[in-house]
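The values are calculated or read from the model by the stated rules, or taken from the named source; none is laboratory data. Being a predicted model, the structure only gives us computed values, none of them experimental. As a convention, Cβ positions derive from the backbone with ideal geometry for all residues, glycine included, and neighbour counts pool all protein chains shown. Areas reflect the complete protein model, heavy atoms only, side chains present, ligands, DNA and RNA absent. Shrake-Rupley method; radii C 1.70, N 1.55, O 1.52, S 1.80 Å.
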Amino acid sequence: MKVLDVGCGPGFFSIEMAKMVGNKGKVYAADLQQAMLDKIKAKIKGTEFENRLTLIKCEQDKIEVTDKVDFILAFYMVHEVPDKSTFFKTLFNTLDEKGRFLIIEPKFHVNEKAFIETMLKAKLAGFKITAAPKYLLSYSAILSKNN
């Protein structure tokens, strides 16, 4: 299994996903800030996760993942993306045909109207909303290419 933690920050979810994917899995931890990636690198140094976790320094409008991934996590970060249309198109092309994309956005930064507009941009990029799980103080959606 290959997963992408986009906007990974210091790797809270990246490392947990690396545990979940096992020895044959791969986690791509992508962030704009090199300092965040350096924190993950320090956390995994000398551990089995060095082989499972690939750190990716993103540009404002570019995420360089050459493999198709089975799962994408965007936790509390989509509201910070200036060009959501390009963001969603990029991730649509990165996600495997049967993959899933979980978006979780904080209600204390994002209002309902803004979240609905974000989901519209995801749909325009080709995604389908397949579920809306409940997370405390958050809006969320699970997106896919196919139902």
With the requirement that a residue be within 18 Å of V69 (Cβ to Cβ) and open to solvent by 60 Å² or more (accessible area, probe 1.4 Å), what does the stretch 19-37 give you?
K19, M20, N23, K24
Search the stretch 51-74 for residues being free of Cβ contacts under 8 Å to residues at least 60 places away in the same chain and acidic (D, E), and hand back the single one that is nearest to S140 (Cα to Cα).
D61
Having 2 or more residues that are open to solvent by 60 Å² or more (accessible area, probe 1.4 Å) is the bar; report the strands (runs of 3 or more DSSP E) wholly within the stretch 92-147 that clear it.
95-106, 128-131
Does V110 satisfy being more than 20 Å from V21 (Cβ to Cβ), of a type in the set (A, V, I, L, M), in contact with a Lys or Arg (Cβ under 9 Å, 6 or more places away or on another chain) and touching a residue at least 12 places away in the same chain (Cβ under 8 Å)?
no
Select from the stretch 82-91 the residues that are buried (at least 17 other Cβ atoms within 10 Å of the Cβ), in contact with a helix residue (DSSP H, G or I) (Cβ under 6 Å, 6 or more places away or on another chain) and more than 15 Å from Y139 (Cβ to Cβ) and list them in ascending order.
F88
Taking the stated definitions as given, is M17 out of contact with any strand residue (DSSP E or B) (no Cβ under 6 Å at 6 or more places or on another chain) and either of a type in the set (A, V, I, L, M) or in a strand (DSSP E or B) (or both)?
no
Looking at the stretch 38-50, which of its residues are of a type outside the set (D, E, K, R), touching a residue at least 24 places away in the same chain (Cβ under 8 Å) and surrounded by fewer than 22 Cβ atoms within 10 Å (Cβ to Cβ)?
I44, F49
Give me the residue from the stretch 65-74 that is of a type in the set (D, E, K, R) and over 22 Å from T118 (Cα atoms) and, out of that set, surrounded by the fewest Cβ atoms within 10 Å (Cβ to Cβ).
D67
Would you confirm whether or not the stretch 117-127 contains a residue that is of a type in the set (A, V, I, L, M), within 24 Å of F12 (Cβ to Cβ) and in contact with a helix residue (DSSP H, G or I) (Cβ under 9 Å, 6 or more places away or on another chain)?
yes
Between a residue in the stretch 7-18 that is among the basic types (K, R) and open to solvent by 30 Å² or more (accessible area, probe 1.4 Å) and any residue that is in a helix (DSSP H, G or I) and at pLDDT below 95, which pairs come within a Cβ distance under 8 Å, given they are 6 or more apart or on different chains?
none
